[in-house]
1. Tell me which residues, restricted to the range 142-168, are at pLDDT 90 or above and open to solvent by 80 Å² or more (accessible area, probe 1.4 Å).
2. Pairs under 6 Å by beta carbon, first residue under 11 Å from ARG136 (Cα atoms) in the range 83-112, partner in a loop (DSSP other than H, G, I, E, B) and not aromatic (Phe, Trp, Tyr), six or more apart or different chains?
3. Which residues, counting only those in the range 53-82, are under 16 Å from ALA138 (Cβ atoms) and among the acidic types (Asp, Glu)?
4. For the range 48-61, state whether one or more residues are assigned to a loop (DSSP other than H, G, I, E, B), open to solvent by 60 Å² or more (accessible area, probe 1.4 Å), at pLDDT below 90 and out of contact with any Pro (no Cβ under 9 Å at 6 or more places or on another chain).
5. Can you report the number of residues in the range 72-113 which are among the charged types (D, E, K, R) and open to solvent by less than 50 Å² (accessible area, probe 1.4 Å)?
6. Could you check the range 13-47 and list, in sequence order, the residues that are open to solvent by less than 80 Å² (accessible area, probe 1.4 Å), aliphatic (A, V, I, L, M) and touching a strand residue (DSSP E or B) at 6+ places or on another chain (Cβ under 9 Å)?
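The values are calculated or read from the model by the stated rules, or taken from the named source; none is laboratory data. Owing to the predicted nature of the structure, the values given are computational and were not obtained by experimental measurement. Every residue, glycine as well, gets a Cβ built from its backbone with ideal geometry; the counts of neighbours run over all protein chains shown. Heads up: the accessible areas ignore ligands, DNA and RNA and are worked out on the full protein's heavy atoms, side chains in. Shrake-Rupley method; radii C 1.70, N 1.55, O 1.52, S 1.80 Å.
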Amino acid sequence: KLETARVNALEAMKRPENVDRLVYSLRMTAPGATAYFICDEDDKAEIDAVLAEPLARVIISNRGQTFAQKVNAGYLGTGEPWLVVVGDDVEFHDGWWEAAAKVSDRFDVIGTNDTTGRVKNPEVANGSHADHFFVRRAYIDRYGACLEGPGVAAPESYRHWYVDKEMIGLAKAR
């Protein structure tokens, strides 16, 4: 089960203006949650914005600046039982945590549907893909969340595009 309200592996992309909105929406929808922002070491504005939020933590990406490298830095830099892979442009809405919790005893990877208003990704809107998702740490430890094998969350062979496709596609195939 999603036994702890922790959010992990928020990729930060030099957008400090997103921090307040994201952390506020998290606080309103998952009380007690902590957001871990994976930041570039030279991104002072983003780091300062995160440090100003009591429910947020900074992890400096020591693996590089790509999405996949930051997801792996989040996996390696925390010990939470679940990673929630999202970007810093996400806004959480009522019921998102509860919806995932309902199936967390059966699945190791749980997709979310972040489509509200205008459809950005038709595959997400129709439920066949997820751009933002939960991944159980034990699943990564044992099998890997990508084809690179155990102990690897995201495939670093891609910079950004296709990281989620491999992770979700592999989970569905398994």
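1. If the condition is that a residue be at pLDDT 90 or above and open to solvent by 80 Å² or more (accessible area, probe 1.4 Å), then ARG142, TYR143, LEU147, GLU148, PRO150, SER157 are the ones that fit.
2. What qualifies is SER104/LYS1; SER104/LEU2; ASP105/LYS1.
3. GLU80
4. Checked against the condition, which is being assigned to a loop (DSSP other than H, G, I, E, B), open to solvent by 60 Å² or more (accessible area, probe 1.4 Å), at pLDDT below 90 and out of contact with any Pro (no Cβ under 9 Å at 6 or more places or on another chain), the range 48-61 yields at least one hit.
5. The total comes to 2.
6. The answer is VAL19, LEU22, VAL23, LEU26, ALA30, ALA33, ALA35, ILE38, ILE47.
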